[in-house]
Every structure is written in C-alpha cells, then in structure tokens.
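The values are calculated or read from the model by the stated rules, or taken from the named source; none is laboratory data. All values reported here derive from a predicted model rather than from experimental measurement. Counting neighbours? That spans all protein chains shown, and the Cβs are built from the backbone with ideal geometry, glycine included. What goes into the accessible areas is simple: the full protein's heavy atoms, side chains included, and nothing from ligands, DNA or RNA. Shrake-Rupley method; radii C 1.70, N 1.55, O 1.52, S 1.80 Å.
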Amino acid sequence: MAGQVDTARSVERNAFTINEFAHRNTLSRNSIYREISDKRLRRIKVGSRTLITKAAEADWIALCEQEAGR
C-alpha cells in the first residue's frame with residue numbers, strides 16, 4: 001500500500017518485553033528476572049505483560065557501571 005507508514009518501524013519504543021530487553025543487553029531471561037527480583041532493575045506491568053522502560057534500562061546500566069568501577 002503506497003503512501004502508508006509502517007508505524008511498527010517508525011515509532012521509537014520506550015519499553016521492552018523481557019525477551020527484547022534480554023536480547024538488547026545480551027543476557028538470559030533468567031538473568032533479567034534475577035535482576036528484577038534483586039530490585040536492581042525496575043519493571044512495569046501492563047496487564048499480564050512485564051516491560052522494562054528505557055529509563056529503567058539507563059538506570060540499570062549506570063548501576064552496573066558504578067559497581068564495575070568499585
């Protein structure tokens with residue numbers, strides 16, 4: 001369909017599923033759930049979906065960098 005924009009590709013995502021977040025950060029799903037359980041990574045629930053926001057990702061990366069610099 002000419003002239004239509006593929007919104008799935010043109011809209012910037014602000015939150016990611018556990019699988020997407022794991023893939024973006026080259027970690028396993030278990031590692032992500034462990035980080036959430038240990039209160040190191042914030043998540044939000046939307047219905048039954050668990051999402052990680054970009055802000056939570058940035059905070060988590062900063063925490064990891066801080067700990068690596070100890």
In segment 35-49, the residues that are aliphatic (A, V, I, L, M) and not in a strand (DSSP E or B): I36, L41
Top-ranked residue in segment 1-30 [being small (G, A, S) and open to solvent by 30 Å² or more (accessible area, probe 1.4 Å); ranked as modelled with the highest pLDDT]: S28
Neighbours by Cβ (under 9 Å, 6+ apart or cross-chain): first from segment 21-35, free of Cβ contacts under 8 Å to residues at least 40 places away in the same chain; second of a type in the set (D, E): F21/E57; R24/E57; N25/E57; L27/E35
